[in-house]
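So the structure is just underneath, and the comments pick up after that.
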Amino acid sequence: MIEIKKVSKTIQGTQVLCDIEASLPSGRVTGFSGINGSGKTMLMRVLAGLIRPSSGEVLISGKALWKDISFPESIGFLIEGPAFIGSYTGLENLMMIASIKKKAGMAQVRQAIERVGLDPDDKRRYRKYSLGMKQRLGIALAVMEAPDIVLLDEPTNALDADGVALLEGIVREERARGAAVVLSCHDHEVLERLSDSIYYLQAGRVVRKAEGGAGDAAKEA
Amino acid sequence: MSLYRILAFDLRNGVARHWRRYAAIAAFFCLSVLALFAARKAYLDVYPSSVGPFTLGDCVVGAFSGMKEYVFDPRNPFDFPALWLLTFLLAAYLTLHYPYRDLLGVGRHLVVAAQSRVGWWYAKCLWVLASVGLFYAVCGAVLCLALLLDGGAFTLDVSPRTPGVLAFGHAVLGQPGGIWPLLVLLPLATVALCLLQLFLSLVIKPLPSYLCTVSLLFLSSYFKTPFLLGNYLMAARSEVFITGGMGFAAGAVLAGALIIVSVVAGRAWVQQMDIIEKESIL
């Protein structure tokens, strides 16, 4: 459960987030929608602990980010596109990052790569990947350790129709697993289908909150 | 534990993967040794039979000779110590980009996974230490190879004529510790220089921090003062060779202070910094 309480952020004199209030429960998909520069990515960075709010606070399971904990204790994220080492294969990249926490072993990492439709035994280096493959690997990284929080910023970027379908399946599985999934997406139809609730951002402020269609889809399923 | 895991990552990705840079440094030191041999040949042309094969000590002093104190005089042109400046700009460049790029790239996943900004910072400080150590190891290997080819002696004694070959000016020899103070001060001051640059690279970005390093080294060559670190990186200004030269104790204190300030300030900065490329969002 993530609680965002009156979070504001000013960078170099520009206010990029303003009094954001939101509740992001576990086992639900929370969407953020807005045009470029509305603050979606910045909010994702705040939730990941990468940037510090100028005011307000973020509570992760009751613990205040930047006070009680430096980063969310169990989080996977894809923010600003994937970032990997070009000379390693996809599997090597994920194994290297997994070696820090040692929560996911080889089997989990391979499974995560397969979940996004990539081949874990692909010997191509990351720099040879297409944009869509890079994006898929970024999604695999976000979910490979089965984290409590999954942040996906524009996950449909560069994905083809099959990739979007795979992504939708993964988001639903993560939701069913009990993760708090946070999604920002330009494709409003995808966001509407996947989210339980959607916050609309404009110039760093929440201007509207609406229910999404994920609950209905889950009932139908 | 997270510190060691991040450090292992850094040694693999920030050292082993950069082997080409170390190869370039080896090539550079080959040129540096050639310049030293050329200086010896020029000296022999003037004073025939006065110089024998170099010792290892001669080669070390030659590779890091720098320039004698510059005394401003319109009739005394500033003899820019290009080779010396390049040597330390290479060391500084070796440790310039990796930490910043890492933090904005795959490193942000490591920081979050390790749950520790401080661990990331200390790992980068140790990475600088390892990189500078390897820099000097490469230098030592090249000098030893050159010595083998030249038939010189593997001793740290400096030949009496070497300061003359390197145009140190009024040089004296005979410090009880030989060149050991120089051997300790060179890596220590280089680590201080690179750690200061590392801290600045996070505050003002890598390129401006590199320009600070260039300025510091350039000013050091122009002004002989105990407050400019570069002075301690020049054999030609060391008390080992020059009466009233830069002292080991002062150099060690300055380098130590810079290391402590850089590590502590860097730790404080990293703990509150936003991990973001600011230009990308404003």
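The values are calculated or read from the model by the stated rules, or taken from the named source; none is laboratory data. Bear in mind that the values here come from a model prediction, so they are computed numbers and not experimental data. Cβ coordinates were reconstructed from backbone atoms using ideal geometry, including for glycine residues, and neighbour counts include every protein chain displayed. For the accessible areas, the whole protein counts, side chains as well, though only heavy atoms, and no ligand, DNA or RNA atoms are used. Shrake-Rupley method; radii C 1.70, N 1.55, O 1.52, S 1.80 Å.
Quick notes
- Qualifying trypsin sites (Lys or Arg not before Pro) in segment A:14-96, DSSP loop, other Cβ atoms within 10 Å at most 11: A:LYS67
- Value of [θ]222 nm, deg cm²/dmol, for chain B, DSSP H segments ≥ 4, -39500 (n - 2.57) each, nearest 500: -21500 deg cm²/dmol
- Placing R0 at 45 angstrom, the Cβ-Cβ distance between A:SER99 and B:LEU211 gives a FRET efficiency of 0.80 after rounding to 0.05.
- Share antiparallel - DSSP beta bridges, segment A:134-221, percent rounded to 5: 55
- Solvent-accessible surface (1.4 angstrom probe) belonging to B:PHE78, in square angstrom, nearest 10: 50
- Assuming charge only on the beta carbon of Lys and Arg (+1) and of Asp and Glu (-1), the dipole of the protein assembly as shown about its Cα centre is about 500 debye to the nearest 20.
- Calculated from backbone phi, Karplus (6.51, -1.76, 1.60) coupling profile of segment B:189-201 in Hz, x at Gly/Pro: 5, 5, 4, 4, 4, 6, 5, 4, 5, 4, 4, 5, 5
- Virtual spin-label span in nm between A:TYR200 and B:HIS97, 7 Å along Cα→Cβ: 4.4
- Diffusion coefficient, µm² s⁻¹, Stokes-Einstein with Kirkwood Rh over alpha-carbon pairs of segment A:1-115 at 20 °C and 1.002 mPa s: 134
- For B:PHE37 and B:VAL184, the FRET efficiency from 1/(1 + (r/R0)^6), where r spans their Cβ atoms and R0 equals 41 Å, is about 0.95.
- Taking every DSSP beta bridge that has both ends in chain A, the antiparallel portion is near 55%.
- Computed from backbone phi with θ = phi - 60° and the Karplus coefficients 6.51, -1.76 and 1.60, the 3J(HN,Hα) list for segment B:40-48 is 5, 5, 4, 5, 5, 4, 8, 10, x Hz; x is used for glycine and proline.
- Charge dipole (Cα centre; +1 on Lys/Arg Cβ, -1 on Asp/Glu Cβ; no other charges) of segment B:3-272 amounts to roughly 940 debye.
- Our estimate of slack between B:GLN271 and B:LEU104, defined as 0.36 nm per intervening residue step minus the Cα-Cα distance, is 58.6 nm.
- Highest-MSF residue in chain A out of A:ALA107, A:ALA180, A:ALA64 [GNM, Cα springs under 10 Å]: A:ALA107
- Rounded to 5, percent antiparallel among DSSP beta bridges of the protein assembly as shown: 55
- Zero-based 10 Å bins, Cα pair distances in segment B:3-272, whole percents: 7, 29, 33, 20, 9, 2, 0
- C-alpha center-to-center spacing [segment B:221-257, segment A:59-110] in angstrom: 46
- For chain B: accessible area per residue (Å², 1.4 Å): 44
- Divide the volume of the convex hull around the Cα atoms of the protein assembly as shown by the residue count and you get 165 Å³ per residue.
- A full extension of the chain between A:GLU189 and A:ALA210 corresponds to an added length of 6.2 nm, given 0.36 nm per residue minus the alpha carbon distance.
- Selection from B:LEU202, B:ILE259, B:LEU216, by position along the positive dipole direction of segment B:3-272 (Cβ): B:LEU202
- For A:VAL16, distant residues with modelled amide H under 5 Å away: A:LYS9, A:THR10, A:ILE11
- Scattering profile of segment A:32-187 at q = 0.15 Å⁻¹ [log10 I(q)/I(0), Debye over alpha-carbon scatterers]: -0.79
- Cα centroids of segment B:185-215 and segment A:119-187: 38 Å apart.
- For B:THR243 and B:ASN76, the FRET efficiency from 1/(1 + (r/R0)^6), where r spans their Cβ atoms and R0 equals 35 Å, is about 0.95.
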